[in-house]
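Reviewing the structure listed below.
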Amino acid sequence: MEKDKSKKTKKDFSPKDAIFVFSSFTFVCVAIIFALIVYDVFTIQDFLSFNQPFTMVMSIILASFGLLLFGVILTLFIPSKYMDETNKSYQDYSLLSIVAFMFIGALFEEILFRGIIQNLLLVFLEQPWTAIIITTLLFIGMHIQYFKKPIMLINITVPSLIFGWIYFETNNILVPFLVHFLMNIGMTLLFKYNLIRVKH
C-alpha cells in the first residue's frame, strides 16, 4: 500500500512541469519588479544592492549551514509518517532535474515573497519585522500541502523568517535566493545519496 502511494506521488509530481510553471511565474514577477522600479515604488538598490559584500557572503555561508543543520536535526527527530510525501519523492529524480527544479523554485519564491511582497510591505508599514512576519505567513499559506501535516510548517516558518531577515539586512535578493537554493538542494542530496534517512 505504501509503495502504491509513493508511486502515485511520483506520478503526480513532475519536475519538468513544475520547472515550466515556476519559470513562467518568475518571468511575471520580474516584470512586476521592473514596473515597480520604473514607477519609483522602490529602487534597484532595494532589490540588488552590492554595498555590503562581506555581510552578503557571511549571510549566505552562515544561513545555509545553519538551515541545513536545522533540516538534518528535524529529519532525525520527525517520524516519516509526519513528513509530506512530495518531500520524500524529490530525491528519486535525476540530479539535473533536481538542481533545475530547486533552482527555479527558490528563485520564484524569493522574487515573489521577498522581492515583491516583503518590499511592498516595508514601503507601506516601515516596520521590518512586521513585513517579514506577514510575508512568512503568506509564504506558509502557499504551502497548503503541509497543512495536513502541521509539524512540517516548522520546516518552512524558520527558513522564511531567516530569508526575510537576511534580505532586509543586505537588500540583495540573490542572498536569500542562494541560501534557499543551497538549503533545498543540500537536504535533497543528503536524502538522495542516503547520507541521512527519515525516522521510521
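Condition check: among the aromatic types (F, W, Y), over 19 Å from F191 (Cα atoms) and part of a helix (DSSP H, G or I). Does F103 satisfy that? Criteria not met by F103.
Scanning the stretch 129-154 for residues that are open to solvent by 40 Å² or more (accessible area, probe 1.4 Å) and farther than 29 Å from S80 by Cα returns W129, T130, I134. Every residue in the stretch 26-58 that is assigned to a helix (DSSP H, G or I) and charged (D, E, K, R), please. Answer for the stretch 26-58, where residues must be assigned to a helix (DSSP H, G or I) and charged (D, E, K, R): just D46.
K88 passes every criterion in (1) in contact with a Leu (Cβ under 9 Å, 6 or more places away or on another chain); (2) closer than 16 Å to G71 by Cα; (3) in a helix (DSSP H, G or I); (4) modelled with pLDDT under 90 apart from (1). For the stretch 149-165, the set of residues classified as free of Cβ contacts under 8 Å to residues at least 24 places away in the same chain and not aliphatic (A, V, I, L, M) consists of P150, T157, listed by residue number. In this structure, L178 does not satisfy being over 21 Å from A18 (Cα atoms), at pLDDT 90 or above and of a type outside the set (G, A, S).
Could you check how many residues of the stretch 143-157 are hydrophobic (A, V, I, L, M, F, W, C) and over 20 Å from F70 (Cβ atoms)? Final tally of qualifying residues: 2. If you check I98 against the conditions, is it closer than 26 Å to F34 by Cα, part of a helix (DSSP H, G or I) and open to solvent by less than 20 Å² (accessible area, probe 1.4 Å)? So I98 does not fit the description; no. Consider E126 carefully, then state whether it is surrounded by 20 or more Cβ atoms within 10 Å (Cβ to Cβ) and not hydrophobic (A, V, I, L, M, F, W, C). Judged against the criteria, E126 is not a match.
Among residues of the stretch 69-83 being at pLDDT 90 or above and open to solvent by less than 50 Å² (accessible area, probe 1.4 Å), the one that is nearest to N194 (Cα to Cα) is V72. Restricting the stretch 172-200 to residues that are open to solvent by 50 Å² or more (accessible area, probe 1.4 Å) and in contact with a strand residue (DSSP E or B) (Cβ under 8 Å, 6 or more places away or on another chain), the residue that is nearest to L112 (Cα to Cα) is L174.
For the stretch 15-67, taking the residues that are under 18 Å from L120 (Cβ atoms) and of a type in the set (D, E, K, R), the one that is most open to solvent (accessible area, probe 1.4 Å) is identified as D40. When R114 is tested against (1) basic (K, R); (2) open to solvent by less than 10 Å² (accessible area, probe 1.4 Å); (3) not in a helix (DSSP H, G or I), exactly one condition is not met: (3). Kindly list, by first and then second residue, each pair from a residue in the stretch 51-69 that is in contact (Cβ under 8 Å) with a residue 24 or more places away in the chain to a residue that is outside any loop (DSSP other than H, G, I, E, B) and open to solvent by 90 Å² or more (accessible area, probe 1.4 Å), limited to pairs with Cβ atoms under 7 Å and residues at least 6 apart or on different chains. Filtered contacts from the stretch 51-69: no entries.
The values are calculated or read from the model by the stated rules, or taken from the named source; none is laboratory data. This one's a predicted model, so the numbers in the text were calculated from it and none came from an experiment. So basically every Cβ, Gly included, is an ideal-geometry build from the backbone, and we count neighbours across all protein chains shown. Only protein heavy atoms, including side chains, enter the accessible area calculation; ligands, DNA and RNA are left aside. Shrake-Rupley method; radii C 1.70, N 1.55, O 1.52, S 1.80 Å.
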